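Data block below; observations after.
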Amino acid sequence: MEKTVGDFFMLFRPLGSKDRSILKQAKEYLDPENIKDLAFLLKQKKINARIKYLSISKDLFHQTEECIVFEANTKDSEVNDYVTEANLQIQKKFFKKQYKAFAKHAPLRISKLIASHIIGHDVIKRAVALQLFASDPIHILLLGDPAIGKTDILRGAADMHPISTYGLGSGMSGVGLAVTMIGDVVEPGLLPQADQGIACIDELNLLKQENYGALYNAMEKGFITYDKKGKHLKLDARIRLLATANPKGDKFTGKTIKELQKQIPFDQALLSRFHLVFLVKRPDTYQFLKITDKILKQKNKSITKTDLEFLKSYICYAEQLKVTLPDIYHQQIVSFVHDLKKKEQHGLLDISPRLVVGIKRMAMARARMCLREKVSQEDINEIKTIIERGLRVDH
């Protein structure tokens, strides 16, 4: 900033201990010239300096950090613009530092805060957490008995992602999925509103089959079309679908693979479009007692508005990373899928190339969640666990 001859004498005015301390911290984020300018403005009393604490819950981030904020005390536009730019530089570098510190804890902490009041379904929550960080579509279906927490998981995921929509299959038409009509004005529906985000559909089994067209297009091609009343539209709908469904008869009965397969409410055309399908059954007596014990021991955990803001900004930051899958893992994935194919008759679903695509995308999503540009063995191991648990019918 330009200074006059009269300003020269201001440079000799001493700063208070608080301002000196804050400027010392600011050196981590700003260059020396910025620090000199801010010191000068502080001496002129044209700005104030303060510390802002991140009000993030300990369940999400144990580290308590201080963010420096400068505030203008004048209407001078040059000073206001300068302070705004300085704050932006500080915040950008400050949050980058926080993101890097959080990254090593991200997989465990994020999954635990998805529907944290629901005991169990840990592997499902881990899979859904990965879906939040996928750059390419990963579609997940939670198929199971009612009133066991499926809806809560959907809502938890929708709350965490910066771009998300939520709807009920029972109250939605094919047109509603694609567009909504307000008079003669066409507005994007649930799917295009979730473009490059998460589209959550609860009770997908209640969506009428004649309305599947828009869903197929979004899941496969990443867009939907609308051709009615002289309007011809093509809207981007590059979604990651997270859906729930109840079995035929509303509750799974029987234990054999054939008995369970007969109760799946979808044909292969829709089912095959999901990369992961979790069979979620009501707990038996032993599992129920374990859940009861956990409920009694569990400390109340809740996700705050500030937590959600931090997570959304973290996801946005992570999405900028371009992640690669090193060639050294290719054969390992091939062998894993080969083993799954040999056991195919013991599972509800066919092992298809879509699963291979899902493995690759989930591994890359986990690396991205940890702010890494390359998939690691740890990522591969986690995806194997999720896939194996997802294919089981006894959980």
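If R0 is 51 Å, what FRET efficiency do you get for N211 and S17 from their C-beta distance, rounded to 0.05? Once the sixth-power term is evaluated, E becomes 0.15.
The charge dipole of the range 304-395, taken about its Cα centre with unit charges on the Cβ of Lys, Arg, Asp and Glu (plus for the first two, minus for the last two), comes to roughly 140 debye. Summed over all non-identical Cα pairs, the Kirkwood treatment of the range 114-321 gives a radius of 18.2 Å.
The Cβ shell under 13 Å around S135 holds other residues with a net charge of +4, Lys and Arg each +1, Asp and Glu each -1. In terms of overall dimensions, the C-alpha atoms belonging to the range 94-236 reach 53, 41, 26 Å along their principal axes, ordered largest to smallest. For the chain, the mean projected area of the C-alpha convex hull, equal to one quarter of the hull surface, is 25.8 nm². Between the listed residues Y314, P162, I257, the Cα displaced farthest toward the positive end of the dipole of the range 114-321, a dipole computed from Cβ unit charges relative to the Cα centre, is found at I257.
With a simple spin-label model that places each label point 7 Å from the Cα along the Cα-to-Cβ direction, the separation between K100 and S57 comes to 2.9 nm. Computed from backbone phi, the HN-Hα couplings of the range 209-214 come to 4, 5, 9, 6, x, 5 Hz, rounded to whole numbers (Karplus: 6.51 cos²θ - 1.76 cosθ + 1.60, θ = phi - 60°; Gly and Pro given as x).
Relative to the longest principal axis of the C-alpha atoms of the chain, give the angle of the C-alpha long axis of helix 353-369, reported between 0 and 90° and rounded to the nearest 10°. That works out to roughly 20 degrees.
Run lengths n ≥ 4 of DSSP H only: what is the helix-derived mean residue ellipticity at 222 nm for the chain, with -39500 (n - 2.57) per run over all residues, to the nearest 500?
The helix contribution divided over the chain gives -13500 deg cm²/dmol.
Over all other residues within a Cβ to Cβ distance under 15 Å of Y212, the charged ones net out to -1, with Lys and Arg as +1 and Asp and Glu as -1. With neighbour counts taken as other beta-carbon atoms within 10 Å, the residues H346, H139 rank, fewest first, as H346, H139. L54 sits among other residues whose Cβ lies under 11 Å from its own Cβ, and their net charge, with Lys and Arg +1 and Asp and Glu -1, is -3. The charge dipole of the chain, taken about its Cα centre with unit charges on the Cβ of Lys, Arg, Asp and Glu (plus for the first two, minus for the last two), comes to roughly 960 debye. Assuming charge only on the beta carbon of Lys and Arg (+1) and of Asp and Glu (-1), the dipole of the range 15-169 about its Cα centre is about 540 debye to the nearest 20. By the beta-carbon count within 10 Å of each Cβ, the least crowded to most crowded order of R372, R366, R361, fewest first, is R372, R361, R366.
Kindly express, to the nearest 10 degrees and within the range 0 to 90, the angle between helix 150-160's C-alpha long axis and the longest C-alpha principal axis of the chain. Relative to the chain, helix 150-160 is tipped by roughly 30 degrees. Anisotropy class assigned to the range 6-103 is prolate, per the alpha carbon gyration tensor with a/c at or over the 1.5 cut-off and a/b larger than b/c. Annotation: for a label point projected 7 angstrom from Cα along Cα→Cβ of S77, no residues of the range 29-70 have a backbone N closer than 14 Å. GNM on the chain, alpha-carbon springs under 10 angstrom: the most fluctuating residue among P14, P247, P137 is P14.
Any read-out appearing in this document is the output of simple, stated calculations on the displayed coordinates, not a laboratory observation. For clarity, every value in this text was computed on a predicted model and none was experimentally measured. Using ideal geometry, Cβ is built from the backbone for each residue, glycine included, and neighbour counts are taken over all protein chains shown.
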